[in-house]
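All of the numbers you see were taken from the coordinates with simple rules; none came from a lab. No experiment lies behind these values; they were computed from the predicted model shown. Here the Cβ positions follow ideal geometry from the backbone for every residue, glycine too, while neighbour counts run over all protein chains shown.
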Amino acid sequence: MLSVIYVSVADPAIGSADLVALVAQAQANNARDALTGALIYNGQNFMQLLEGPVSKVEACLARIRADRRHNGMIEVRRRLVEAREFAAFSMLYSPLFRDHGEDLSRLAARGGLDPQDERLITSFLALGGHGGAG
Ligand SMILES: Cc1cc2nc3c(=O)[nH]c(=O)nc-3n(C[C@H](O)[C@H](O)[C@H](O)COP(=O)(O)O)c2cc1C
């Protein structure tokens, strides 16, 4: 399976109703496509992990990349995995990732992982419920 984490810059016009619709759309499609993952939003940036069969992940990323509800999508982690990190979630959504909102903005502006991002990634993966290892 393929697991990809990306960050992006949300369209500033996006509102909470738009986000509810986006997440519902993602969950329905992902259930169909055997994809799982998580999405966080700090008011400016998205970070998403998408995992599943390689071709399904790639096809979904291509759709997401073309989506005008955000831009500046940058992959920060890509790996082949044996086990899912968010097996229980077609798309876990955490709108207010309060403790790490600024870390996410810095990462999205910088466009690549630094050692200092480890806390952010670890906390993000911990949303999946198993400590963020791997
Ligand atoms: C931040 C963000 C995350 C998204 N995540 C997903 C996702 O996990 N799965 C998905 O199918 N679409 C996701 N989308 C929506 C896709 O860009 C696209 O609109 C959708 O897949 C098209 O679905 P449709 O064929 O049902 O119209 C996301 C969009 C954004 C902006």
In debye to the nearest 20, the charge dipole size for the chain, taken about the Cα centre with +1 at each Lys and Arg Cβ and -1 at each Asp and Glu Cβ, equals 260
quick shape note, the chain: Cα extents on principal axes in Å, largest first -> 32, 31, 22
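Among 19-30, 36-47, how do they line up by average Cβ neighbours within 10 Å per residue, starting with the highest?
36-47, 19-30
Calculate, in nm to one decimal, what ARG78 and ALA21 gain on full extension: separation in residues at 0.36 nm each, minus their alpha carbon distance. Before the final figure, lay out the partial values.
Numbers: separation 57, 0.36 × 57 = 20.52 nm, distance 2.67 nm.
Stretched fully, the ARG78-ALA21 segment lengthens by 17.8 nm.
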Between HIS70 and residues 5 or more places away or on another chain, the pairs with built amide H atoms under 5 Å apart involve ASP11
